[in-house]
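Undergrad: Starting off with a structure, shown below.
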Amino acid sequence: MAPDNNAHDQGQSPGTGPDHHDRFVFPKWTNRLREAVAVAALGGVVYLVVLVAGVFSPQNSAIGYAPEQPVPYSHSLHVGELGMDCRYCHVTVETSARANVPPTATCMNCHKTVRTTSDKLAAVRKSAETGEPIHWTRVHDLPDFVYFNHAGHVQSGVGCVSCHGRVDRMEVVEQVAPLTMGWCLECHRNPDPNLRPREFVTAMDWVPEGDPAELGARLRAERKISPSVDCATCHR
Amino acid sequence: MPRPIIYVLLVLVAVSLVPMGLLYRANHLPKNQPRLQVVPDMDQQFYYKAQTENPFFADGVTMRKPPAGTVARGMLAADDAYFRGIARDTIFVAEIPATVTRPMLDRGRERFNIYCAPCHGQSGNGNGMVHARAQALGEGTWTPPTDLTSQTVVDRPAGHIYNTIANGIRTMPSYGAQLSPEDRWAVTAYVRALQLSRNATPADLPVETRAALGQ
C-alpha cells in the first residue's frame, strides 16, 4: 500500500492524476484576485462616500420643501403684485424671536370686502366665523435645539430675502436655503454680503449700488455687528 | 470564474444600487412632502412652541392670554389722551399729545407705508394697490378708502385719527394689534405731514426753494 502511494505522489504532475480532486489548486482566474479585491475595495469606499454625502447633503434634507397649505395663499400676488410689506402680516418679526403667522383677522382686513365668495377663501371665512385657527403647515423649521432670533437679524440689517429667497415670486412658499449649521456659520463668519440698510430689510428686489461686500463692511462697522460663532450662540 | 461567484457578484452589485435608488428618490421627492430626515434625534422635542396646538388647554392654543381685567406692571395705560386720544368724555384731543420729532415722523412714514399704504396709497389719497385691485376685480362690496389728505380728515382732531387706527372706522378694521400707541401717534403725525404736503401751495415753500423753482 505504502509504496504505491509514494510512487503516485512523485510520479504524477498536479491535476492530471486519477485522484487530483484530493488536492486544492487555485484556478487560473484567481491569479488576478488581489487586483480585483483592491478595485472592489476602492469602489466600495467611493460608493460609501457618495451615499453618505448624498444622504446628508442639505439639498437632500431641506431645500425645495413646499408643503400644500390649507389656504392657497399666494405671496406672489400679495407681495409681488400688490407690493405689501412682509410686516403687514408678519408683525412680530422686528421685535420677537419668531416671525408670526398672521391671525385670520389680518386676512379679513381686506377679505371682509374683497373676494367675499371665493372658494379659496372658504377656510379663512370659516376660521373668522368660528374662531378656530387655520392649521398652516410650517415650512422653515429649525431643529428644536437651535435658537434663532428673527428680531436680532432684522435689526442688524439682514434682509428677509437672504434666507427666505424671492418670496414675492412664490405662488407656494418654498424653502430655498439649506438652514444647516454650516450655512448659518458661513454668514456668521462673513456677514458683509448679507447686510443692508435697515429701511430695505423687507425689500425683496433691493440690490446695493456697487459692491455688496463693501457696503456690508461699512454697515457692519457702523452698527458694530460682530456675529458670534460660539456653540452657545445658537445652542443655548 | 465559476458561475456561482459571478451570480453572487451580480446580486451584490444589484443590491448596492438599492440605497442609491432610494437616495435618488429622496432627492426627487414631491415638493409638498417633508424632506428626508436622516438623524432625527431631538430635532422635534416634546414641548409646545408659539402658535402651536396644545391639548392641555380647553381652547387648544399654546399661547395664553392674560386673564381678563389684569394689567401687567407698568402697562396701565391710564392716560386717556395718550392711549385713547380722548381729552374728556367723547371729545378727541385736537393735537398729538407728544412732541413730534424727525425720528417720530420717519417711524410714522415707515409704519404708514407698511400698514396704511396698501389701501390709502403712499401719498394718502386713497389710491392704494389693494384699492386698485378691488376695483379691477369689480368688487361690489369694496368701499373706496378715504382720501386722508381731504379737508374732512384735515379738520379731524388728531385723537380721531389715532382712534381710527386703534379701533377702525366703518369698513376699516382696527390696526391696534399691529401698531402700538407710540406708533399710532407716529402715523398720525405722518398723516398730518402728508396733508400738509398734498395741500401745499408755492407760498408755503421757503424763499430759496421758491426761487430755485422760478416762482
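Since every read-out is calculated from the coordinates, none of them should be taken as a lab result. Everything quoted here is computed from the prediction, not taken from an experiment. Cβ: placed from backbone, ideal geometry, glycine included. Neighbour counts: every protein chain shown.
Undergrad: With Kirkwood's inverse mean 1/r over C-alpha pairs for Rh, give me the Rg to Rh ratio of chain B, two decimals please.
TA: 1.30
Undergrad: With a cut-off of at most 16 other beta carbons within 10 Å, and DSSP calling the residue loop, which chymotrypsin sites (Phe, Trp or Tyr not before Pro) in segment A:99-191 qualify? Please list them.
TA: A:TRP136, A:PHE145, A:TYR147, A:PHE148
Undergrad: No solvent, one uniform scatterer per C-alpha: report log10 I(q)/I(0) for segment A:90-153 via the Debye equation at q = 0.20, 0.30 1/Å, two decimals.
TA: -0.86, -1.27
Undergrad: Can you give the helix-only mean residue ellipticity at 222 nm for chain A, where every DSSP H stretch with n ≥ 4 adds -39500 (n - 2.57) and the sum goes over all residues, rounded to the nearest 500 deg cm²/dmol?
TA: -11000 deg cm²/dmol
Undergrad: Still on this structure, please answer the following. Which residue fluctuates the most in chain B, going by a Gaussian network model with Cα springs under 10 Å, if the choices are B:THR101, B:THR70, B:THR52?
TA: Of the options given, B:THR52 has the highest mean-square fluctuation.
Undergrad: OK, next. What trypsin sites (Lys or Arg not before Pro) in segment B:92-200 are in a loop by DSSP, with at most 10 other Cβ atoms within 10 Å of the Cβ?
TA: Values: sites: B:ARG107, B:ARG109, B:ARG111, B:ARG133, B:ARG170, B:ARG184, B:ARG192, B:ARG198; in loops: B:ARG170.
Here the trypsin sites (Lys or Arg not before Pro) that fit, given the DSSP loop and packing criteria, are B:ARG170.
Undergrad: Let me ask something else about it. Angle check, please: helix B:102-111 long axis (alpha carbons) against the longest principal axis of chain B (alpha carbons), in degrees 0 to 90, nearest 10.
TA: Computed tilt is about 50 degrees.
Undergrad: Another one. Among A:ARG32, B:ARG73, B:ARG210, which comes first, then next, by fewest other beta-carbon atoms within 10 Å?
TA: B:ARG73, A:ARG32, B:ARG210
Undergrad: Here's a follow-up. Search the structure for amide H atoms under 5 Å from the amide H of A:VAL172, placed 1.01 Å from N in the peptide plane, and list their residues when 5 or more places away or on another chain.
TA: Long-range HN contacts for A:VAL172: none found.
Undergrad: Looking at segment A:140-234, which GluC sites (Glu not before Pro) are in a loop (DSSP not H, G, I, E or B) and have at most 10 other Cβ atoms within 10 Å?
TA: Filter output for segment A:140-234: A:GLU209.
Undergrad: Test of understanding: what is the full-extension gain from B:ILE169 to B:VAL61, defined as 0.36 nm times their sequence separation minus their Cα-Cα distance?
TA: 35.9 nm
Undergrad: While we're here: In whole angstrom, how far apart do the alpha carbon centroids of segment A:79-151 and segment A:180-203 sit?
TA: 24
Undergrad: Which of A:HIS78, A:HIS188 comes first, and how do the rest follow, when ranked by fewest Cβ neighbours within 10 Å?
TA: Numbers: A:HIS78 21, A:HIS188 15.
Result, fewest neighbours first: A:HIS188, A:HIS78.
Undergrad: Going through the DSSP H helices of chain A, which span 27 Å or more along their own axis at the Cα atoms while scoring at least 1.0 as a mean Kyte-Doolittle hydropathy? Write out the running numbers ahead of the final one.
TA: Working: long enough: A:33-56 (34 Å, 2.09).
Membrane-span-like by this criterion, though nothing is claimed about a membrane: A:33-56.
Undergrad: Here's another thing I want to ask about it. How far is helix B:181-198 tilted off the main Cα axis of chain B, in degrees rounded to 10, range 0 to 90?
TA: Long axis of B:181-198 versus the principal axis of chain B: about 60 degrees.
Undergrad: Here's something else I'd like to know. For a quick check, take a GNM of chain B with Cα springs below 10 Å and name the residue from B:GLN51, B:GLN151, B:GLN195 with the largest mean-square fluctuation.
TA: Largest GNM mean-square fluctuation: B:GLN51.
Undergrad: Continuing with the same structure: Calculated FRET efficiency, B:ASN32 and B:ASN54, Cβ-Cβ r, R0 22 Å, to nearest 0.05?
TA: On the way: r = 26 Å, r/R0 = 1.18.
Rounded to the nearest 0.05, the efficiency is 0.25.
Undergrad: Give me the three principal axis extents of the protein assembly as shown from the C-alpha atoms, as integers in angstrom, largest value leading.
TA: Computed over the protein assembly as shown, the largest-to-smallest principal extents equal 135, 57, 49 Å.
Undergrad: Right, here's the next one. Based on Cα positions only, what radius of gyration and what Dmax would you give for chain A, in angstroms?
TA: 32.9, 115
Undergrad: Moving to a separate point now. With viscosity set to 1.567 mPa s and temperature to 4 °C, compute the Stokes-Einstein D of segment B:80-204, Rh being the Kirkwood radius across alpha carbon pairs; µm²/s, no decimals.
TA: 87
Undergrad: With springs connecting C-alpha atoms under 10 Å apart, model chain A as a Gaussian network and identify which of A:PRO178, A:PRO72, A:PRO191 has the largest mean-square fluctuation.
TA: Looking only at A:PRO178, A:PRO72, A:PRO191, the biggest GNM fluctuation is shown by A:PRO72.
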